[in-house]
Structures are given as C-alpha cells and as structure tokens.
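J.: Take a look at this one; I'll ask things after.
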C-alpha cells in the first residue's frame, strides 16, 4: 500500500525522524484528549487552509500547529525540558526544509506547559 499524500500524513512522516531523535518524544498525528503523559508529545492540529496568491489555482498552504507538551507538572522542570528540546527541534525543521513561522509558549491544559509551533505544508490537487 502506497503512503498517503494527504498533507497531515506528509507532515507526520517528515517530522517523525526529527521527533524520535529526542528520547521519550512521540507524535500524536490528530488533535485529541490525552489522559496521562509518559513523555513529551508532539500533537498535530490542522489550523487553516489558504490559497497561495502567487501560485496557480489549486495550490494551497495548509497551516498546522504542532503542540509540544511536557509531561512535567513542575513549571521549572517543564521549562528546562522544553526550552532546549523546542530550540533543537526548530533548528532541525530548518535543516529539513519544513516551513515554520513561530514557536509560542502556551498551556496545554491546566497542568502542562507546551509550545505551539506553526508549520506550513503546500498542497495541490492529487
């Protein structure tokens, strides 16, 4: 069976070697509730689809948010874990040619610190 060319799956495949290079990090390819965190998660959420004005019809920019969540509930420990990990990941995104716009510190829920990284994938009609 051929690999899917859907933008979410393409992004997941591109991110997988970058994320798994970090011990105990894993990708969750769809937005969902998470009961217990055993390690850092990278959750993909499709945010918006826009037409690329400089490109021919049928070429779109699909914006995703990759939320990187620390399992640690102590803010200092979570910041220490995420600061270096997120910084390393965005450098890896640059090297891999994966377009990203920003990384913003957020709260994932009432207990967990996270970063939202805005990623963009270009899509055309298959």
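Nothing in this text is a laboratory measurement; each read-out follows from the coordinates by a stated rule. Source: prediction; values computed, not measured. When we count neighbours, we look across all protein chains shown, and the Cβ atoms used for this are built from the backbone with ideal geometry, even at glycine.
J.: Order 20-29, 80-89 from most to least packed using the mean count of other Cβ atoms within 10 Å.
T.: Highest to lowest by the protection proxy: 80-89, 20-29.
J.: Using helices alone, what [θ] at 222 nm do you get for the chain, with -39,500 (n - 2.57) per DSSP H run of 4 or more residues, divided over all residues and rounded to the nearest 500?
T.: Taking each H run of at least 4 residues, the total per residue is -9500 deg cm²/dmol.
J.: Here are several values of percent of Cα pairs over 19 Å apart: (i) 48; (ii) 42; (iii) 52. Which one was derived from the coordinates shown?
T.: (i)
J.: Return one number: the angle in degrees, 0 to 90 and rounded to the nearest 10, between the long axis of the Cα atoms of helix 75-96 and the longest principal axis of the Cα atoms of the chain.
T.: 30 degrees
J.: Taking 0.36 nm per intervening residue step and subtracting the Cα-Cα distance, what contour gain separates residue 79 from residue 105 on full extension?
T.: Going from the current span to full extension adds 8.4 nm.
J.: Next up: Could you work out how far helix 7-20 tilts from the main Cα principal axis of the chain, as a 0 to 90 degree angle to the nearest 10?
T.: Around 40 degrees separate the two axes.
J.: Separation between the residue 47 and residue 96 pseudo-spin-labels, each 7 Å from Cα along Cα→Cβ, expressed in nm?
T.: A separation of 1.7 nm, rounded to one decimal place.
J.: Ok, one more. Report the full-extension gain for the segment residue 31 to residue 5: residue separation times 0.36 nm, less the Cα-Cα distance, to one decimal in nm.
T.: Here the answer is 7.4 nm.
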